[in-house]
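S.K.: Before I ask anything, let me first share the structure, which is written out below as structure tokens.
Quick note: the coordinates plus some simple rules give every number you see, no bench work behind them. From a predicted model like this one, the values you see are computed outputs, not experimental measurements. Glycine gets a Cβ as well: all are built from the backbone with ideal geometry, and neighbour counts include every protein chain shown.
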Amino acid sequence: MYNDEEILNFIYQNAEMGIEGIDKILSKTDDHRFREHLQGQHQEYKEIMQRAEQMLNNKHYPVKSKIPQRLC
């Protein structure tokens, strides 16, 4: 069974990876509608990541990023 710290870090890391993936796709597409959709998804992942980070900080848990440099 997972504890709060593990679950929140798992959520944080998955949102972080989603942002990284979207950033890679955004740099390769010229389709305006597709870019708008991706940017919306990027914002949603950013909000999820920020909320998970806030919850981790409130509980005094460390944020464990899987990506060396923060993307937001």
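S.K.: Roughly how many nanometres apart are two label points built 7 Å out from the Cα toward the Cβ at Gln54 and Asp4?
M.R.: Taking the simple label geometry, Gln54 and Asp4 are separated by 1.6 nm.
S.K.: For the chain, restrict the atom set to alpha-carbon positions and state the Rg and Dmax in Å.
M.R.: Final numbers for Rg and Dmax: 13.7, 44 Å.
S.K.: Moving on. What's the magnitude of the charge dipole for the chain around its Cα centre, counting Lys and Arg as +1 and Asp and Glu as -1 at the beta-carbon? Answer in Debye, nearest 20. Don't skip to the end; give the middle numbers.
M.R.: Numbers: 10 positive and 12 negative charges, 27 e Å.
With only Lys, Arg, Asp and Glu charged at Cβ, the dipole is about 120 debye.
S.K.: How far is helix 32-58 tilted off the main Cα axis of the chain, in degrees rounded to 10, range 0 to 90?
M.R.: Roughly 10 degrees between the two axes.
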